[in-house]
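Just below is one structure, and these are the notes that go with it.
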């Protein structure tokens, strides 16, 4: 994997999906570059502080989630990465026992939200997280996904749009001692 990183370009290959006059933009990452890896790792610390070490991105696992087979979006403010959301086709997780609770496994119609985080100093300010999530959802619809799923702490999916259902509650999600719910949200 280290050889892969050495061959990696410095600059990420992205498609700008949305941009504002206030230096905020959302980019779809087609190929992650070495220059963005430290920022992605740092922002993932917000996840690992809350959900444990397994949520931390590293320079070796970033290419696994930021590639052309996934839907990875980054939010930049004044050129700095302030957040990201990673969508992965549900079939990617077919070896995981939790994925088998989803009736859509194997139908190629579901995008799983692997990670969604905004740097804590930008949360609740300027609507950055809401904008990032909205663009992710709309892009998933354009890619012909009919459902988005993910794991969130129990009770959070109550805030999601009508039609969102809890597929299963996991009382001890990966050793976190906190109940997590696996939700499915229709995109139509």
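None of the figures in this text is laboratory data; all of them are computed from the coordinates on show. Just so it is clear, the model here is predicted, and its values are computed rather than measured. Neighbour counts are summed over all protein chains in view; Cβ atoms, including those assigned to glycine, are modelled from backbone coordinates with ideal geometry.
Taking every C-alpha pair closer than 8 Å and separated by at least 6 residues, the mean separation divided by the residue count of the chain gives a relative contact order of 15 percent. Segment 27-105 and segment 170-188 have Cα centres separated by 17 Å. Counting every C-alpha pair in segment 2-186, the share spaced more than 25 angstrom apart comes to 34%. Size of segment 79-169 from its Cα atoms: along the principal axes, largest to smallest, the extents are 38, 28, 25 Å.
Rounded to a whole number of µm²/s, how large is the Stokes-Einstein D of segment 36-117 at 4 °C and 1.567 mPa s, given Rh as the Kirkwood radius over C-alpha pairs? Rounded, D is 95 µm²/s. When each of the peptides 16-23, 147-154, 101-108 is scored by how many other beta carbons lie within 10 Å of its residues on average, the order from highest to lowest is 147-154, 101-108, 16-23. Can you tell me the orientation of helix 128-142 relative to the chain, as the angle in degrees between its alpha-carbon axis and the longest Cα principal axis, to the nearest 10? That helix lies at roughly 70 degrees to the long axis.
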